[in-house]
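Throughout, read-outs are computed from the coordinates displayed, never taken from laboratory work. These numbers come from a predicted model, not from an experiment. Neighbour counts run over all protein chains shown; Cβ positions are idealised from the backbone, glycine included.
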Amino acid sequence: MIESLKLLFDTLSSAAGTVSAFSKVIKGTKGDSRALLEEIKENAGLCWLVVEKDLPPEKVIRELASREYDRLLRTEFDFNVLKRKRIRTYKEIKHTELSGFAGKTTEVLLVNIYDKLKELKRIERIDKNTRGIRWRVRIINLQKRILLLLRHLSDR
């Protein structure tokens, strides 16, 4: 599963690469956009703890945050302000579960990321012993979406 992350996003396939790429993207932002991207960067770092360091997913899930996203949802914030262009059809995502995001807006991907994040938190909070939940796989799938967002935002 981690191999698919490396194949999909070669330059973003480590915590260090992800932090570096986020730093470049965040550098040109301010205000609400910057706060949201900082939150996503923190969530990506938490996901890497599961992917690279084999930390128990349940511990990490409790730390995932959506405060900035939730705050912006209550306003008329335009999530597409992060990037107006639609998500490109990257060759790395063809024939993967991420291919459905090609041609979609930044907001569609962002909403999906936070929907997945909140679902993880909800299941862990209500019944962490639910059978059939592959926590690590779910974290990796969340991370893939975050990395796709980062790749999209990094494109010029």
**Request:** Extending each Cα 7 Å along its Cβ direction at residue 108 and residue 94, get the distance between those two points in nm, one decimal.
**Result:** 1.9
**Item:** Charge dipole of the chain about the Cα centre (unit charges at C-beta), most positive-ward option of 133, 57, 148
**Value:** 148
**Item:** 222 nm mean residue ellipticity, helices alone, for the chain (DSSP H n ≥ 4; -39,500 (n - 2.57); rounded to 500)
**Value:** -20000 deg cm²/dmol
**Item:** Debye equation applied to the C-alpha atoms of the chain, log10 I(q)/I(0) at 0.09, 0.20 Å⁻¹
**Value:** -0.27, -1.41
**Prompt:** Taking the alpha-carbon centroid of each part, what is the distance from region 12-34 to region 105-154 in angstrom?
**Reply:** 19
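Please compute the contact order of region 19-156 in relative form: average sequence separation of alpha-carbon pairs under 8 Å and at least six residues apart, divided by the residue count, as a percent.
It rounds to 32 percent for region 19-156.
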**Request:** Please give the FRET efficiency for residue 154 paired with residue 65, using the beta carbon to beta carbon distance and R0 = 25 Å, rounded to the nearest 0.05.
**Result:** 0.70
**Prompt:** In debye to the nearest 20, how big a dipole does the chain give about its Cα centre with +1 on each Lys and Arg Cβ and -1 on each Asp and Glu Cβ?
**Reply:** 260
**Asked** What does the highest-first list of 99-106, 36-43 look like by mean Cβ count within 10 Å?
**Response** 36-43, 99-106
